[in-house]
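A quick write-up on the structure given underneath.
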Amino acid sequence: MRGVARMIEEERYCIDVLSQIRAVRAALAKVEQETLNDHLQHCVTHAFHAGSEKDRKNKIDELIEVLDSRRR
């Protein structure tokens with residue numbers, strides 16, 4: 001993000017700035033997907049195998065909240 005802000009401060013060509021913003025979004029989306037996958041594979045799986053009913057419900061509620069916020 002600092003790089004994009006610096007590009008704007010330097011009044012770089014708009015298309016270059018927009019291209020960089022798209023690259024940042026793509027990188028964030030990849031990190032988000034990998035983090036979600038890791039959470040499902042480890043945290044949620046653990047809650048369903050070793051956790052209590054409350055733990056399982058909390059994990060489901062967390063996922064619903066996160067997935068719902070992605071649509072906004």
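Quick notes on this structure:
- Anchor K54: aspartates and glutamates whose Cα lies under 16 Å away (excluding residues fewer than 8 positions away in-chain): E62
- Its Cα gyration tensor gives the chain an equivalent ellipsoid; the semi-axes, largest first and in whole Å, are 38, 11, 9.
- The C-alpha atoms of the chain define a longest principal axis, and helix 53-70 lies at about 20 degrees to it.
- With 0.36 nm allotted per residue and the present C-alpha distance subtracted, the A27-Q41 stretch has 2.9 nm of extension available.
- Basic side chains Lys and Arg get +1 at the Cβ, acidic Asp and Glu get -1 at the Cβ, and with that the dipole of the stretch 2-70 about its Cα centre reaches some 100 debye.
- In a DSSP loop and with at most 10 other Cβ atoms within 10 Å, the GluC sites (Glu not before Pro) in the chain are E10, E11.
- Cβ-based net charge around V17, under 14 Å, with every Lys or Arg adding one and every Asp or Glu removing one: +1
Laboratory data are not the source of any read-out in this text; all were calculated from the coordinates shown. Since this is a predicted model, take the numbers as computed values, not measurements. Glycine gets a Cβ as well: all are built from the backbone with ideal geometry, and neighbour counts include every protein chain shown.
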